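K.L.:
What follows is a single structure, and I will ask about it in a moment.
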Amino acid sequence: MREKWRSKLSVLAGASALAVSVVTVTPALADDAPVGPQEVRMPADVRIVEGGATAPGETVPFPAEQAGPVGPAGPAGPVESAASGGQAEAVAAAAPSSSACLGSTAAYGASGCFQHSGDIVWAGDTKKDGMSAAVGVYTDYGRAEEVCVNKLGVDTWATCNKNYREDGNVRLRVLRYDGDTGKFYQPETWSGWIPVDGKF
């Protein structure tokens, strides 16, 4: 009888220990969850280019995938209506114009696109969080990666004027950049391949 009682006691002790371990492990896992942005490792030889400010009153060229021009708020910003004199719907239905911004891509706090006329990379900062918008540019012909960084502050667009091979393609990587540490952070988003000459 004493052995049965010890068996029951052992089973209860084991079950109690299991329950305690489950209760104590769960908060530890929650504590291990990442807090804040996650660092993105970039190649050591990546070239960081500080984007220039747009001229006063200059509007960001609208992404070809959207129905109209984009204001300073970025690709999701105000769209010009036909009543205000714009012919956005007709232009969007046609082939991309020289002022169209292709490959519009956005992640938390950053937007980017590529204007094939002039090979201009646009970087828009959309969040006031102390970090800059960054748009990495990759080619399909082996050119070293470059990153266009917008250090102008929230609700601004910066441009980096580049020169890519006309028969090549570029791909954009949009993420955040901390100028104090020189580090890049997620979330990040990639565009598809964009023809440098704008001809899909």
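The values are calculated or read from the model by the stated rules, or taken from the named source; none is laboratory data. Remember, predicted model here, so these are calculated numbers, not experimental data. Cβ placement follows ideal geometry from the backbone for every residue including glycine, while neighbour counts extend to all protein chains displayed.
K.L.:
For the subset of region 43-80 comprising residues that are among the hydrophobic types (A, V, I, L, M, F, W, C) and modelled with pLDDT of 55 or more, which member is surrounded by the fewest Cβ atoms within 10 Å (Cβ to Cβ)?
P.N.:
Within region 43-80, the match that is surrounded by the fewest Cβ atoms within 10 Å (Cβ to Cβ) is Ala44.
K.L.:
Suppose we filter region 115-133 for residues that are assigned to a strand (DSSP E or B), in contact (Cβ under 8 Å) with a residue 60 or more places away in the chain and hydrophobic (A, V, I, L, M, F, W, C); how many remain? If you could, list the steps in order and put the result at the bottom.
P.N.:
Just the residues of region 115-133 that are assigned to a strand (DSSP E or B), to begin with: 115, 120-125, 132-133.
Narrowing further to those that are in contact (Cβ under 8 Å) with a residue 60 or more places away in the chain: 121-124.
When the remaining residues are screened for being hydrophobic (A, V, I, L, M, F, W, C), the result is 121-123.
The number of residues fulfilling the criteria is 3.
K.L.:
Next question, about the same structure. So, Val154, is that one surrounded by 23 or more Cβ atoms within 10 Å (Cβ to Cβ) and of a type in the set (A, V, I, L, M, F, W, C) or not? Can you show your working first?
P.N.:
On the way: surrounded by 23 or more Cβ atoms within 10 Å (Cβ to Cβ): no; of a type in the set (A, V, I, L, M, F, W, C): yes.
Taking the combined requirement at face value, the residue does not satisfy it.
K.L.:
Based on this model, can you work out whether Ala106 counts as surrounded by 22 or more Cβ atoms within 10 Å (Cβ to Cβ), in the same structural domain as Val60 (by TED's automatic domain parsing) and not in a loop (DSSP other than H, G, I, E, B)? Spell out the reasoning first.
P.N.:
Values: surrounded by 22 or more Cβ atoms within 10 Å (Cβ to Cβ): no; in the same structural domain as Val60 (by TED's automatic domain parsing): yes; not in a loop (DSSP other than H, G, I, E, B): yes.
No: the conditions fail for Ala106.
K.L.:
Still on this structure, please answer the following. Looking at Gly103 and the list (1) farther than 21 Å from Arg47 by Cβ; (2) touching a strand residue (DSSP E or B) at 6+ places or on another chain (Cβ under 9 Å), which single condition is not satisfied?
P.N.:
(1)
K.L.:
Condition test on Thr159, is it out of contact with any Lys or Arg (no Cβ under 8 Å at 6 or more places or on another chain), of a type in the set (Ser, Thr, Tyr) and either crowded, with 20+ Cβ neighbours inside 10 Å or at negative phi (or both)? Reasoning before the result, please.
P.N.:
Details: out of contact with any Lys or Arg (no Cβ under 8 Å at 6 or more places or on another chain): yes; of a type in the set (Ser, Thr, Tyr): yes; either crowded, with 20+ Cβ neighbours inside 10 Å or at negative phi (or both): yes.
Yes: the conditions hold for Thr159.
K.L.:
In region 138-180, how many are more than 13 Å from Trp193 (Cβ to Cβ), assigned to a strand (DSSP E or B) and of a type in the set (Lys, Arg)?
P.N.:
Counting residues in region 138-180 that are more than 13 Å from Trp193 (Cβ to Cβ), assigned to a strand (DSSP E or B) and of a type in the set (Lys, Arg) gives 1.
K.L.:
Taking the conditions exactly as written (of a type in the set (Gly, Ala, Ser), more than 24 Å from Thr59 (Cβ to Cβ), assigned by TED's automatic domain parsing to the domain that holds Ala55 and outside any loop (DSSP other than H, G, I, E, B)), does Gly112 satisfy them or not?
P.N.:
On the way: of a type in the set (Gly, Ala, Ser): yes; more than 24 Å from Thr59 (Cβ to Cβ): no; assigned by TED's automatic domain parsing to the domain that holds Ala55: yes; outside any loop (DSSP other than H, G, I, E, B): yes.
Against the criterion (of a type in the set (Gly, Ala, Ser), more than 24 Å from Thr59 (Cβ to Cβ), assigned by TED's automatic domain parsing to the domain that holds Ala55 and outside any loop (DSSP other than H, G, I, E, B)), Gly112 does not qualify.
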